[in-house]
1. Just give me the residues in the stretch 4-24 being more than 17 Å from residue 83 (Cβ to Cβ) and either surrounded by 13 or more Cβ atoms within 10 Å (Cβ to Cβ) or among the charged types (D, E, K, R) (or both), in sequence order.
2. Would you please list the contacts, defined by Cβ atoms under 8 Å and residues six or more apart or on different chains, that run from a residue in the stretch 9-26 that is at negative phi and of a type in the set (A, V, I, L, M, F, W, C) to a residue that is surrounded by 10 or more Cβ atoms within 10 Å (Cβ to Cβ) and part of a loop (DSSP other than H, G, I, E, B)?
3. May I ask you to list the residues in the stretch 70-79 that are farther than 13 Å from residue 30 by Cβ, modelled with pLDDT under 90 and not in a helix (DSSP H, G or I)?
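The values are calculated or read from the model by the stated rules, or taken from the named source; none is laboratory data. The structure presented is a predicted model; accordingly, all values stated were derived computationally and were not measured. For neighbour counting, all protein chains shown are included, and Cβ atoms are generated from backbone atoms with ideal geometry for every residue, glycine included.
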Amino acid sequence: MNKEQFTHILNSEAEEQGWWFIPVEDSWELYEEARGNPNEYPPEVLKSLIEMDREDRLIWRTELAERGYEMTPMQVDQYIFIIQTAIEKDAL
């Protein structure tokens with residue numbers, strides 16, 4: 001998938017989810033890294049992120065915050081959507 005297609009998918013999801021801010025460049029970089037760097041982004045870890053429910057996402061977000069990585073719930077949803085997109089497009 002090229003960047004234009006990715007941006008279209010991301011913007012469509014943003015409209016559907018009501019996300020008011022999408023960092024396109026950062027999102028594209030994450031997508032590319034998740035697809036191309038299995039050592040940094042092990043597929044089994046990525047799949048477990050996608051399978052998290054709301055409570056698990058809150059716990060994960062809290063753990064990230066304790067390590068100095070603050071994310072809003074919307075950012076967590078966006079991050080997981082990007083990871084899911086990378087996994088799905090890689091499987092095609």
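1. Selection gives 4, 11, 15, 16.
2. These pairs meet every condition: 9/1; 10/22; 14/22.
3. Selection gives 72 alone.
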